[in-house]
1. Under 16 Å from a label point 7 Å along Cα→Cβ of Glu281: give me every residue in segment 167-201 with its amide N that close.
2. Summing +1 for each Lys or Arg and -1 for each Asp or Glu, what net charge is found among the other residues whose Cβ lies under 12 Å from the Cβ of Val22?
3. Along Cα→Cβ, 7 Å out, is where each label goes; now give me the distance between the ones at Ser83 and Glu226 in nm to one decimal.
4. What is the distance in Å between the Cα centroid of segment 183-197 and that of segment 279-322?
5. With all distinct Cα pairs included, what does the Kirkwood hydrodynamic radius of segment 224-292 come out to in Å, to one decimal, could you say?
6. May I ask you to derive the FRET efficiency for Asp55 and Ala235 from their Cβ-Cβ distance with R0 = 45 Å, giving the value to the nearest 0.05?
7. Over what distance in Å are the Cα centres of segment 211-254 and segment 129-148 separated?
8. Return the sequence-ordered ³J(HN,Hα) values of segment 269-275 in whole Hz as given by the Karplus equation 6.51 cos²θ - 1.76 cosθ + 1.60 applied to θ = phi - 60°, using x for Gly and Pro.
Amino acid sequence: MNPGGAVIGIDLGGTKILARAVDPVDPITTLAEQRVDTPRTGGDDVLERMAAVVDDLDRVLTGSDRPPAAAIGVGAPGLVTHSGVLRFAPNIAGDAELAVAERISALTSRPVTVDNDATFATLAEWRLGAGRGSDNIVMVTLGTGIGAGLVVGGQIQRGANGFAGELGHVVIDPSGPPCPCGRRGCWERYASGSGLGRLAREAVEAGRAERILALAGGDPEGVRGEHVTAALAEADPGAVGVIDEYAWWVALGLANLVATLDSDRLVIGGGLATLGDALVEPVRRHFAALVMGAGHRPGVEIVLAALGPAAGAIGAAVAAAGMVGGA
């Protein structure tokens, strides 16, 4: 018996590449998976690393009596054109004007579709996860930075150039801290994982986070978001306070999005989503106080993503499946 074919979804991140081979009609079920570091040198090295990952997955597939993957989807962080060119990626060194679709297709000899990583994560959650049943959702991924994807009227929104959804770089404080994108006070400087670390360092300096400081080895400059989450697991009051402040910044951005798009469901994903109710509950509370016309509009659901850190790769696989008549 010769099982059916597969497609590959790749989530290109600033530090890692996650790739999954899946059945086109069942993108949730993993046939093979690879996780490798993202080359710090960027450019051609990143493309060649992704092509090598595809080769590795093909070997697993053929070893299971399946043909090599028929198509590839790649989610990339930054501004991705409709033709699959990565124009600008502030969190990946050297990656600008990179023809990802064309080059990966040439290296692997098969069709490739490329989009923003958060857009693909949104596609996955909308079709298969926490966004199912709604035609108007926003998904935000809270990690090193902030990614976002938009579904309006039952359509993924990509914009005129393919750049829609860069919500982490909406400026909420023009005099705020510098952002890797080159501006100041972007939303992700406050509501990303790095923003959580900055808020924690401010709390340490103000004497409100002794346990967080202890977990960082007593070095205020060494305080990171993971120290907050570790202290939170101990029910430390200082960590609870930092998370509450962080949740306010998350809620502020979400309230602005709902004022713009009138979404009825907000999906929170990314690494910070692992905090679960400890994050979502204060976000809901602050959102109710911040959203325009709260007492005069239907409620807006704020939910955790269902597909975890693999959502970007799953969404990329869904898009690849669409190229070969799958999901």
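Derivation of every value follows stated rules applied to the coordinates shown; laboratory data play no part. Model, not experiment: these values are computed from the prediction. Reconstructed Cβ throughout: ideal geometry from the backbone, glycine too, with neighbour counts over all protein chains shown.
1. Answer for segment 167-201: none.
2. Details: positive: Arg20, Arg66; negative: Asp23, Asp26, Glu33.
Net local charge, Val22 excluded: -1.
3. In this crude label model, Ser83 to Glu226 measures out at 4.1 nm.
4. Computed from Cα coordinates, the inter-centre distance equals 19 Å.
5. Numbers: mean 1/r = 0.0797 Å⁻¹.
So the Kirkwood estimate lands at 12.5 Å.
6. Working: r = 47 Å, r/R0 = 1.06.
In this case the efficiency is close to 0.40.
7. Cα centroid of segment 211-254 versus Cα centroid of segment 129-148: 23 Å apart.
8. With coefficients 6.51, -1.76 and 1.60, one gets x, x, x, 6, 5, 5, 5 Hz.
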